[in-house]
Amino acid sequence: MNINANLTTERPTFVTHLECSWTGEIYEADRPHNLSRAGKPLLVRYDLDGIRGSLSKEALAARPDDLWRWRELLPVRRVADIVSLGEAATPLIPLTWSVQELGGGEVLVKDEGRLPTGSFKARGLVMAVSMAKTFGIKHLAMPSNGNAGAALAAYASRAGIRATVFCPEDTPEINLSEIAFQGAAVYRVNGLIDDCGKLVGQGREVTGWFDVSTLKEPYRIEGKKTMGLELAEQLGWELPDVIFYPTGGGTGLIGMWKAFAELEAIGFIGSKRPRMVAVQAAGCAPMVRAFEAGDKTAVRWEGAHTMASGIRVPQALGDFLILRAVRESGGFAIAVPDEAIMAAVESVARSDGLLLSPEGGATFAGLASRKWRALYEAGGSPCRRPVLRE
């Protein structure tokens, strides 16, 4: 039998505490939390000096190539609490022909569709559900535009935990069926994802469920940050020039920015950082509006609409963290219309054989836009190696 040692070998753990992302207030690590007393996301903190002395690149390279190889930088302490469906590292796919019209250069797509349940949402939910198992939580609930709900349903079923998912009224039937088939109770809501989130919050006192909405618990960020950890290793510990990220709730962008800081602290990379580009749809672009206005937070986007439902998030709880990462990196936020998104999906599929989701298509549309070139060149040297998130 081929046993994955990442899932069976106990390893040192280094979580020290949780920290309010707004005030810096400290919280105990080994019990369940939602938001801080300030109503802001909590971030997991580690003994990074301890990790530096315990983990080497050589030891890491000898492990099976999956999400759980990064155990020292993850919050799950015991192998008995790991809930896994086989979270293999996702490949970087070069776009050879699609970029010719853009003047060439090296453009890579990180293909997150290879993960269980078919999307990067698996990264966040595998960590959240594993920690729920650790804490003995019996019922999880969340709002979802589709993919996150499917990931929660799959991992909750695997862990023997009850799950309830609320979806916007226009969520495709195939997404609802996927969630239901994997064991979760799923409900359509007359509204958008933040309306669904309100129902989760209102039902918490009545049902006793634990809210695993985006950034309302600390561990989805920890799962999403593994995108950044993987990316650094896959590129020989040299980060790309730019990362285009389809941004709704922004957990992945926030998580990658956190990952890069942790990798530098343990001596795996230097101080170079990619410019982080938050890509949104023109019909729902609160981060872009806030970035252009110089604001630290973003107000709700009224009348949100886009074919890229995964980034149709009118108001993100982690708005200030997204904007902070974008600005600290020298990046920017950019909006693209649905017509450009669809054109990008078709172009990449025909030229390079890679079928992007609409959200992934938004990143290529952002790369192809003239506005991005003006914004990038205003901030420095030409881009050699951008990475798109699919």
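The values are calculated or read from the model by the stated rules, or taken from the named source; none is laboratory data. On a predicted model such as this, the values are computed, not experimentally measured, just so you know. Cβ atoms come from the backbone with ideal geometry, glycine included; neighbour counts cover every protein chain shown. These area figures cover heavy atoms from the full protein model, side chains too; ligands, DNA and RNA do not enter into them. Shrake-Rupley method; radii C 1.70, N 1.55, O 1.52, S 1.80 Å.
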Of all residues in the stretch 323-350, count the ones that are within 21 Å of residue 261 (Cβ to Cβ) and in contact with a Pro (Cβ under 9 Å, 6 or more places away or on another chain).
-> 2
Complete set of residues in the stretch 1-16 that are within 13 Å of residue 77 (Cα to Cα) and not charged (D, E, K, R) | 6, 7, 8, 9, 12, 13, 14, 15, 16
From the list 385, 389, 312, 373, pick out the single residue that is among the basic types (Lys, Arg) and modelled with pLDDT of 95 or more.
-> 312
Pick from the stretch 35-60, criterion of a type in the set (A, V, I, L, M), in a helix (DSSP H, G or I) and touching a residue at least 24 places away in the same chain (Cβ under 8 Å), ranking: most open to solvent (accessible area, probe 1.4 Å) | 48
Mind listing whichever residues of the stretch 65-78 are within 21 Å of residue 151 (Cβ to Cβ) and either assigned to a loop (DSSP other than H, G, I, E, B) or open to solvent by 30 Å² or more (accessible area, probe 1.4 Å) (or both)?
-> 65, 74, 75, 76
Taking into account only those residues within the stretch 266-322 that are under 22 Å from residue 256 (Cβ atoms), among the charged types (D, E, K, R) and assigned to a loop (DSSP other than H, G, I, E, B), which is least open to solvent (accessible area, probe 1.4 Å)?
-> 312
Does residue 151 fit the bill of being farther than 26 Å from residue 388 by Cα and free of Cβ contacts under 8 Å to residues at least 40 places away in the same chain?
-> no
Checked 19, 10 against criteria (open to solvent by 40 Å² or more (accessible area, probe 1.4 Å) and more than 23 Å from the chain's Cα centre (by Cα)); the one match is 10
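Would you be able to tell me the number of residues in the stretch 97-117 that are assigned to a helix (DSSP H, G or I) and either hydroxyl-bearing (Ser, Thr, Tyr) or surrounded by fewer than 13 Cβ atoms within 10 Å (Cβ to Cβ) (or both)?
Residues meeting the conditions: 3.
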